[in-house]
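Participant: First the structure, which I've put down as structure tokens, then a few questions once you've had a look.
The values are calculated or read from the model by the stated rules, or taken from the named source; none is laboratory data. Note that the structure is predicted; figures quoted are calculated from it, not measured. All Cβ positions, glycine included, derive from the backbone under ideal geometry; neighbour counts span all protein chains shown.
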Amino acid sequence: FNTYGPFQRIDGEGGVIAIFLDRVMHHQNLLVYGDGLQTRDFLYVEDCADFIVRAGLSPASAHAGARIGGGDASSDRAPFSLLVGGSGIEIRIIDLACIIAGNAVAVENVAHIHPQSEIKRLLCDSAKARAFLGWQPQVSLTEGIERTRIWLRERMNE
């Protein structure tokens, strides 16, 4: 599920957060496929790594089939600053683009290159991970985006 953070690739179609950040840093408009109403549930890479370690070390996870990414199948909206990746609160791609773009660049809707493969809604239920492992994501989407922005900026300056 939509894991993001440092070392995320900026080429190709995947990795929307890193791609958007890179385009802003290069003063390029953000390109949103279709109407931008597709939703995603993002998870910061450190939270993903924490889950993997916990699952690998826990006998409880052997048969649990735990997934990570979201807390429940809720479509409730929350202020962006309160969003925690994997919280089960989805964000529309167009909203994500506007937040990342700020006033720096414009957001453009463009035709999807592969419209037949577009997923309109992606939300993960991580209830088993919480129940069996006591796992819960810690990094808010705001903080994760900022950490990714810093990493990309440092990489640009190398």
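Participant: Within region 14-25, is there a residue that is surrounded by fewer than 19 Cβ atoms within 10 Å (Cβ to Cβ) and either of a type in the set (Ser, Thr, Tyr) or farther than 19 Å from residue 151 by Cβ (or both)?
Facilitator: Scanning region 14-25, I find no residue that is surrounded by fewer than 19 Cβ atoms within 10 Å (Cβ to Cβ) and either of a type in the set (Ser, Thr, Tyr) or farther than 19 Å from residue 151 by Cβ (or both), so the answer is no.
Participant: Now, a different point. I need a count of the residues in region 7-36 that are of a type in the set (Gly, Ala, Ser) and touching a residue at least 24 places away in the same chain (Cβ under 8 Å).
Facilitator: Residues flagged as of a type in the set (Gly, Ala, Ser) and touching a residue at least 24 places away in the same chain (Cβ under 8 Å) within region 7-36 amount to 3.
Participant: Take residue 3 and decide whether it is over 29 Å from residue 154 (Cβ atoms), crowded, with 16+ Cβ neighbours inside 10 Å and modelled with pLDDT of 85 or more.
Facilitator: For residue 3, the condition - over 29 Å from residue 154 (Cβ atoms), crowded, with 16+ Cβ neighbours inside 10 Å and modelled with pLDDT of 85 or more - is not met.
Participant: What pairs can you find where one residue is in region 131-158 and within 17 Å of residue 4 (Cβ to Cβ), the other is part of a helix (DSSP H, G or I) and among the acidic types (Asp, Glu), and their Cβ atoms are less than 7 Å apart, with a gap of 6+ or different chains?
Facilitator: Cβ pairs passing all conditions: 137/47; 138/47; 139/46; 139/47; 152/22.
Participant: Considering only region 50-68, I want to know if a residue exists there that is touching a Gly at 6+ places or on another chain (Cβ under 7 Å), among the hydroxyl-bearing types (Ser, Thr, Tyr) and either in a loop (DSSP other than H, G, I, E, B) or modelled with pLDDT of 90 or more (or both).
Facilitator: no
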